[in-house]
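The structure appears right after this line, and notes come after that.
The values are calculated or read from the model by the stated rules, or taken from the named source; none is laboratory data. As the structure is a computational prediction, the values presented were derived from the model and not from experiment. Cβ sites come from the backbone with ideal geometry, for glycine too, and all protein chains shown count toward neighbours. Surface accessibility is based on the protein's heavy atoms, side chains included, excluding ligands, DNA and RNA. Shrake-Rupley method; radii C 1.70, N 1.55, O 1.52, S 1.80 Å.
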Amino acid sequence: MTFNGMTVVAFESRMATELANLIERYEGRPLVAPALREVPLESNTVAYEFGARLMAGQIDMLVLLTGVGTEALFEILKPRYPWPSIVEALQQIVTIARGAKTVAALKALGLIPTITVPEPNTWIDLVSALDEYSLEPGVRIAVQEYGIPNTALVKALEQRGAEVFPVPIYQWALPEDLGPMRAACESIIAGRVEVMLITNAMQIDHVMQVLEQDGHVIPFHDAVQKLVVASIGPAASERLRHFDWPVDFEPSHPKMGVLVKEVSEQAASILGRKR
């Protein structure tokens with residue numbers, strides 16, 4: 001089973017070309033409209049403060065939430081501290097990697113995480129992994145953030161007695177050119193799309209922003225009830241439900257390739273039930 005010519009909308013940014021190729025591989029017609037733009041923070045003051053604390057032995061644990069953020073954090077620190085000194089400091093603390101990309105980013109730097117968060121790599125899975133590690137009251141945890149602050153994670157750690165130090169590296173903004181997003185949303189509203197893929201929870205907020213600007217929130221909401229909405233994992237699904245959009249499918253593993261393959265196999269049957 002494949003998409004068999006279905007039009008598949010996706011809002012992926014960083015891996016947009018790869019995702020379009022995957023959709024085509026499974027005989028879909030890709031309509032990929034990036035919804036996110038990474039914007040480096042104007043000031044790296046907080047990252048520098050993290051570096052100072054790390055080198056002074058004032059950090060006990062480091063939570064790394066993304067591979068890109070992990071790479072960016074250490075690139076910021078390298079001009080300030082000798083790399084061997086950074087590695088030595090990291091070896092003295094507990095490092096927690098959320099997902100395969102973060103593990104890969106660490107390995108590329110010659111580092112191995114103390115704890116690897118199991119799939120589907122949500123903040124809840126992260127906290128559960130730390131619970132097994134038995135946090136001590138007052139433990140000092142730095143959290144590398146991405147896009148937007150994960151207030152639920154910070155609150156959960158604080159409730160366990162931790163002193164949490166968030167370290168934002170970059171934030172998400174809308175694309176400078178909203179034309180592709182608008183065209184994708186208009187195609188969905190017009191009924192020219194069979195499948196919508198969501199690969200990041202923040203994509204949903206940005207789609208909503210554009211819909212609100214254009215006055216299309218209600219027709220879009222009605223349109224997505226009639227197509228297959230596939231979510232990469234629990235965080236994205238939670239955000240879809242927040243706006244009362246359906247979640248018709250989640251893959252067995254929260255990976256883009258698995259998502260496309262598995263939804264291509266089930267899209268026809270799901271669409272048949274919905275229409």
Practice task
Check segment 245-265 and report whether any residue there is over 20 Å from the mean Cα position of the chain (by Cα), of a type in the set (A, V, I, L, M, F, W, C), modelled with pLDDT of 95 or more and crowded, with 21+ Cβ neighbours inside 10 Å.
Solution key: no
Exercise for the section: Provide a single number: the residues in segment 88-107 that are part of a loop (DSSP other than H, G, I, E, B) and over 16 Å from TYR146 (Cβ atoms). Expected result: 3
Fill in the blank from the handout: Filter segment 149-182 for residues that are part of a loop (DSSP other than H, G, I, E, B) and either among the aliphatic types (A, V, I, L, M) or under 20 Å from the mean Cα position of the chain (by Cα) (or both); the one that is nearest to THR45 (Cα to Cα) is PRO149
Handout entry: Filter pass, GLU119 being of a type in the set (Asp, Glu), open to solvent by 20 Å² or more (accessible area, probe 1.4 Å), at pLDDT below 95 and under 21 Å from GLN92 (Cα atoms)
Key = no
Practice task
Test GLU158 against the stated conditions and say whether it is surrounded by fewer than 17 Cβ atoms within 10 Å (Cβ to Cβ), within 24 Å of ILE76 (Cα to Cα), without any contact (Cβ under 8 Å) to a residue 40 or more places away in the chain and touching a strand residue (DSSP E or B) at 6+ places or on another chain (Cβ under 6 Å).
Solution key: no
Practice task
Being open to solvent by 70 Å² or more (accessible area, probe 1.4 Å) and either in contact with a His (Cβ under 6 Å, 6 or more places away or on another chain) or farther than 30 Å from GLY272 by Cβ (or both) narrows it down to one of PRO79, PRO34, so name that one.
Solution key: PRO79
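Being of a type outside the set (A, V, I, L, M, F, W, C), closer than 16 Å to SER13 by Cβ and surrounded by 14 or more Cβ atoms within 10 Å (Cβ to Cβ) is true for just one of PRO234, PRO180, PRO219. Which residue is that?
Values: PRO234 fails: closer than 16 Å to SER13 by Cβ; PRO219 fails: closer than 16 Å to SER13 by Cβ.
PRO180 is the lone residue from the list that is of a type outside the set (A, V, I, L, M, F, W, C), closer than 16 Å to SER13 by Cβ and surrounded by 14 or more Cβ atoms within 10 Å (Cβ to Cβ).
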Exercise for the section: Determine if segment 37-44 includes at least one residue that is surrounded by 22 or more Cβ atoms within 10 Å (Cβ to Cβ) and within 23 Å of the chain's Cα centre (by Cα). Expected result: no
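For segment 1-87, please list each of the helices (runs of 4 or more DSSP H) lying entirely inside it that holds at least 3 residues being among the aliphatic types (A, V, I, L, M) and within 26 Å of ILE189 (Cα to Cα).
Filter on segment 1-87 gives 16-25.
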Completion exercise
Picking from GLN213, GLN203, GLN225, the residue that is surrounded by fewer than 18 Cβ atoms within 10 Å (Cβ to Cβ) and under 25 Å from ASP177 (Cα atoms) would be GLN213
Handout entry: Criterion (under 26 Å from GLY161 (Cα atoms), open to solvent by less than 10 Å² (accessible area, probe 1.4 Å) and in contact with a Leu (Cβ under 9 Å, 6 or more places away or on another chain)) met by exactly one of ILE96, ILE86
Key = ILE96
